[in-house]
Amino acid sequence: MTTLQPPAAAKPRKSRPPAQGDRRSWTGWGFIGPFVAVFALVFLAPIAYSIYLSLFRDQLIGGTQFVGFDNYQQALQDERFWDSLGRVSLFLAVQVPIMLFIGLLIALALDSGRLYGTDFFRITIFLPYAVPAVVATLMWGFMYGTKYGLVGDINSAFGVTLPDPLSSDLVLASIGNIVTWEFIGYNMLIFYSALKVIPNSLYEAAEIDGAGQFRVITAIKLPAIRGALVIATIFSIIGSFQLFNEPSILRPLARNAITTDFTPNFYTYSLSFNGQQHNYSAAVAIIMGLITMVIAYVVQLRGMRKGA
Amino acid sequence: MRRTTSRLMRGLAVLSVLALGATACGGSDDDSSGSKPVSAGDVQAALKKGGSVTVWAWEPTLKTVAADFQKKYPKVKINLVAERSGDKHYTALSNAISAEKGVPDVAQVEYFALGQYALTKGLSDLAPYGADKLKSKYTAGPWNAVTQGSDKVWGLPMDSGPMALYYNKKVFDKYKIAVPTTWDEYVEAARKLHKADPKVYIANDAGDAGFTTSMLWQAGSRPYKVDGTKVSVDFSDAGAKKFTDTWQKLIDEKLVAPINGWTDDWYKGLGDGTIATLASGAWMPANFVTGVPNAAGDWRAAPMPAWTKGDKASAENGGSSLTLPELGKNKELAYAFVEYANSGAGVQSRVKEGAFPATNAELQADSFLNTEFEYFGGQKANEIFADSAANVADDWSYLPFQQYANSIFNDTVGKAYVGNTKLTDGLKSWQDASVKYGKEQGFTVE
């Protein structure tokens with residue numbers, strides 16, 4: 001990659017003899033070169049290209065033209081975008097606490113050393129995470145079926161009428177259920193491994209001081225895994241904002257309940273692939289990326305400050 | 001340290017810009033798409049010389065056609081790609097066209113989607129190859145669809161979908177209900193059936209753009225008017241009112257099963273008698289045979305119910321053409337294949353495999369009309385389909401961006417199937433969303 005040569009402007013001034021520092025920085029380039037090349041190619045270039053795309057507009061009539069920040073302005077006033085953002089925000093507000101709480105509960109239970117078959121439970125609870133999201137959603141989609149699926153079977157076996165999990169009112173909760181099933185094991189594993197590294201001496205000290213199990217949890221375990229909690233929260237927030245697989249796979253079963261602007265990601269997908277509005281879609285994607293970054297960063301700041 | 005950072009940033013900037021340049025330069029090889037007439041000799045010469053043609057089409061009968069074609073012209077290799085259909089097919093095709101890479105030489109395009117590709121210059125005009133002289137071979141509806149009302153020919157019609165009402169005779173016989181001949185009778189039959197057995201619905205409908213537009217077509221509504229880049233959308237004419245009044249009754253009284261077409265539930269419902277009728281195109285029988293084998297003998301075809309008694313007006317549902325994407329290669333060979341499949345000897349072999357042709361000769365042939373459908377208990381269903389085809393009003397047009405409009409149908413009209421929204425209001429919001437998109441895309445929308 002010849003492009004990694006520093007630009008001419010970076011040459012040391014003639015009046016001064018070459019400083020040692022400069023030579024050192026040359027050697028440094030050589031070492032980080034391969035990394036920078038790959039990093040720029042696979043991380044920065046796509047982002048730069050998206051930003052570039054988002055500054056244009058391509059119309060069926062009239063072709064492509066440069067429009068500056070028009071797409072961003074349009075996106076900020078786009079009701080469908082805000083609707084979808086509202087939907088994932090609601091999802092996040094309900095889903096993230098549930099997933100973290102259950103994950104934490106299971107991790108603490110496994111760590112308490114009072115259960116038999118910990119290994120078995122740990123693997124079983126983690127197993128859904130190993131199932132590809134597509135397969136998991138297809139499976140749940142089948143179970144949710146009110147005619148020939150599990151729900152339908154329960155209905156006819158017990159003579160009841162369960163509400164349709166794929167109706168407009170319930171579909172978000174049904175997706176939440178799938179996501180919970182998929183990711184609890186993952187959160188549990190993060191917490192569990194953080195709990196495992198707490199030194200035994202702390203527990204011994206607690207026992208000497210006469211602390212009960214509950215006190216041990218609040219005074220030792222929770223503070224010790226605060227970092228893991230923050231990480232899991234950030235992952236969950238990003239995951240919720242990026243909700244895509246589940247709605248897109250369930251959609252053929254519930255076209256009226258899952259709209260093409262169901263989540264921001266699904267909306268950008270629809271814009272791009274149904275509407276051929278690649279440029280506008282890029283603008284929406286970048287705005288969504290910024291929002292996700294800001295929220296994740298705020299959570300991280302808050303989490304770290306409390307920890308300090 | 002600061003200097004290194006700024007240098008690093010500069011290096012990265014250079015790299016990013018380079019990457020951009022690389023992607024931006026990928027495009028615009030000049031297209032050699034002159035409208036010079038191509039003589040029959042050119043096509044013959046190309047066939048002699050040989051080459052390969054990539055065909056993206058999911059029409060199952062093309063497999064035999066491709067084999068026959070290769071047998072006839074041993075130097076030509078037909079590379080049939082049939083994995084994708086519907087939305088996925090169009091997404092792939094649009095992406096290939098905008099990337100200007102991997103564009104197939106021949107692509108199947110349904111009539112409703114032709115306008116978009118024709119308008120964006122994604123397809124070659126086939127008139128210079130002599131396609132304009134084939135007009136008299138085809139029935140009016142499909143020909144109107146491939147020409148888009150102009151003197152250009154964007155594809156050759158492959159099949160057509162004049163509508164018919166498929167009904168489960170076993171169910172109708174069991175409850176001694178007459179097969180409806182008008183839509184009012186249809187609503188009555190729906191009530192009787194559902195009353196006799198609450199598990200039985202007259203039809204499934206959970207909101208399907210293709211079905212709704214076909215129903216509007218039959219009811220005499222003409223919501224889309226297209227004149228070049230001037231379009232209008234209006235779902236408030238008398239025909240649309242006829243449809244919404246009737247269909248609203250079926251939805252309100254929960255007489256249509258909330259099942260989407262082409263799902264497992266749908267096939268099961270067609271098979272076990274809980275979905276008693278299906279208004280669809282004449283291409284449906286082959287799908288019955290493969291998708292609902294357990295109900296063989298139960299089903300029959302009947303003419304579409306009429307909006308006023310005695311009226312024979314019909315409509316098209318589905319149907320597609322084979323087109324030559326502008327950026328495809330081996331144009332002469334590609335045209336030769338399309339002509340062979342949709343106008344030449346290929347039509348015969350496709351009809352034998354259950355395709356419903358768009359060519360007059362085949363539609364009027366005795367052997368075609370007398371074909372007994374084993375699946376329909378030996379019924380000569382083609383007589384009904386051919387009659388329907390003859391009664392399709394050919395002044396219908398789809399939007400030049402129908403593919404997008406259809407994709408948001410369930411966001412708008414779909415609400416009428418699950419909530420308190422009325423069908424008329426649903427159609428109004430579909431209209432608004434279509435108009436908005438049309439304007440964004442630079443159309444003059446009224």
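The values are calculated or read from the model by the stated rules, or taken from the named source; none is laboratory data. Everything numeric in this text was worked out from a predicted model, so none of it was measured. No Cβ is skipped: glycine too gets one built from the backbone with ideal geometry, and neighbour counts run over all protein chains shown. Side chains are part of the model used for accessible areas, which takes the heavy atoms of the whole protein and leaves out ligands, DNA and RNA. Shrake-Rupley method; radii C 1.70, N 1.55, O 1.52, S 1.80 Å.
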Estimated FRET transfer efficiency (B:Ala296, B:Lys88; beta-carbon r; R0 30 Å; 0.05) = 0.50
Take each uninterrupted DSSP H stretch in chain A, measure its Cα extent along the helix axis, and return the ones at 20 Å or beyond whose mean Kyte-Doolittle hydropathy is at least 0.0.
-> A:20-39, A:79-111, A:171-196, A:226-241, A:278-307
Estimated [θ] at 222 nm from DSSP helical runs (n ≥ 4, -39500 (n - 2.57)) normalised by residues in the protein assembly as shown, nearest 500 | -17000 deg cm²/dmol
Where chain B is the region considered: accessible area per residue in Å², 1.4 Å probe | 43
Solvent-accessible ranking of B:Leu62, B:Leu369, largest area first, probe 1.4 Å | B:Leu369, B:Leu62
State log₁₀ I(q)/I(0) for the protein assembly as shown at q = 0.07, 0.10 Å⁻¹ as given by the Debye formula over alpha-carbon point scatterers of equal weight, solvent excluded.
-> -0.65, -1.14
Among the aspartates and glutamates, which have Cα under 19 Å from the Cα of B:Lys230 when same-chain residues fewer than 8 positions away are ignored?
-> A:Asp58, B:Asp151, B:Asp395, B:Asp432, B:Glu440, B:Glu446
Any DSSP H helix in chain B with Cα axial reach of 18 Å or more and mean Kyte-Doolittle score of at least -0.5? Listed by number, the hits are B:2-24, B:86-99
Choice from A:Pro264, A:Pro247, A:Pro132 showing the highest fluctuation, given a GNM over chain A with Cα pairs closer than 10 Å | A:Pro132
Under 17 Å from a label point 7 Å along Cα→Cβ of A:Val94: give me every residue in the stretch A:253-283 with its amide N that close.
-> A:257-259, A:262-264
Ignoring ligands and nucleic acids, chains A and B bury, in total, an accessible area (1.4 Å probe) to the nearest 100 Å² of about 3900
How do B:Tyr224, B:Tyr267 stack up against each other in accessible area, from largest to smallest, with a 1.4 angstrom probe?
-> B:Tyr267, B:Tyr224
Springs between alpha-carbon atoms under 10 Å, Gaussian network over chain B: tell me which of B:Lys133, B:Lys422, B:Lys192 tops the mean-square fluctuations.
-> B:Lys133
For the stretch B:164-227, what does the alpha-carbon gyration tensor say about shape, rounded, prolate or oblate, given a ≥ b ≥ c as the root eigenvalues, a/c under 1.5 as rounded, and a/b over b/c as prolate?
-> prolate
Spatially proximal aspartates and glutamates relative to B:Lys174 (Cα-Cα < 20 Å; intrachain offsets below 8 disregarded) | B:Glu185, B:Glu188, B:Asp197, B:Asp272, B:Asp298
Where the convex hull is taken over the Cα atoms of chain A, what is its projected area averaged over directions, in nm²?
-> 26.1
Carbon and sulfur atoms: what percent of the 1.4 Å accessible area of the stretch B:33-183 do they account for?
-> 54
For the protein assembly as shown, with the dipole built from +1 on Lys and Arg beta-carbon atoms and -1 on Asp and Glu ones, taken about the Cα centre, which of A:Tyr52, B:Asn420, A:Phe266 lies farthest toward the positive end?
-> A:Tyr52
DSSP beta bridges in the protein assembly as shown [antiparallel fraction, %, rounded to 5] = 65
Averaged over B:201-207, number of beta-carbon atoms from partner chains that fall within 10 Å | 1
Under 17 Å from the Cα of B:Lys72 - lysines, other chains or at least 8 residues apart | B:Lys48, B:Lys49, B:Lys63
Cα-Cα over 28 Å: which of B:Lys137/B:Lys170; B:Lys268/B:Lys436; B:Lys176/B:Lys268?
-> B:Lys137/B:Lys170; B:Lys268/B:Lys436
Enter the mean number of other protein chain beta carbons within 10 Å of the beta carbon of each residue in B:95-105, as an integer.
-> 1
Sorted by accessible surface (1.4 Å probe, heavy atoms of the protein chains only), largest first, A:Asp119, B:Asp125, A:Asp78 come out as A:Asp119, B:Asp125, A:Asp78
Averaged over the residues of B:405-416, the number of partner chain Cβ atoms within 10 Å of each residue's own Cβ comes to 4
Once you charge only the Cβ atoms, +1 for Lys and Arg and -1 for Asp and Glu, what is the size of the charge dipole of the stretch A:72-307 about its Cα centre, to the nearest 20 debye?
-> 360
Ranked highest first by average number of other Cβ atoms within 10 Å, how do A:145-155, A:270-280, A:206-216, A:62-72 line up?
-> A:270-280, A:145-155, A:62-72, A:206-216
Mean-square fluctuation maximum in Gaussian network of chain A, Cα pairs under 10 Å, restricted to A:Ala40, A:Ala283, A:Ala194, hits A:Ala40
Over the Cα atoms of the stretch A:139-297, what is the Rg over Rh ratio if Rh follows Kirkwood?
-> 1.14
What do the square roots of 5 times the Cα gyration tensor eigenvalues come to for the stretch B:192-234, in whole Å, largest first, as semi-axes of the equivalent ellipsoid?
-> 35, 10, 6
Could you work out the Kirkwood radius for chain B, taking every pair of different alpha carbons, averaging 1/r and inverting it, reported in Å?
-> 23.6
What Kirkwood hydrodynamic radius do you get for the stretch B:367-446 when you take the inverse of the mean 1/r over all pairs of distinct Cα atoms, in Å?
-> 15.9
Packing-based order for B:296-306, B:238-248, using average beta carbon neighbours within 10 Å, highest first | B:296-306, B:238-248
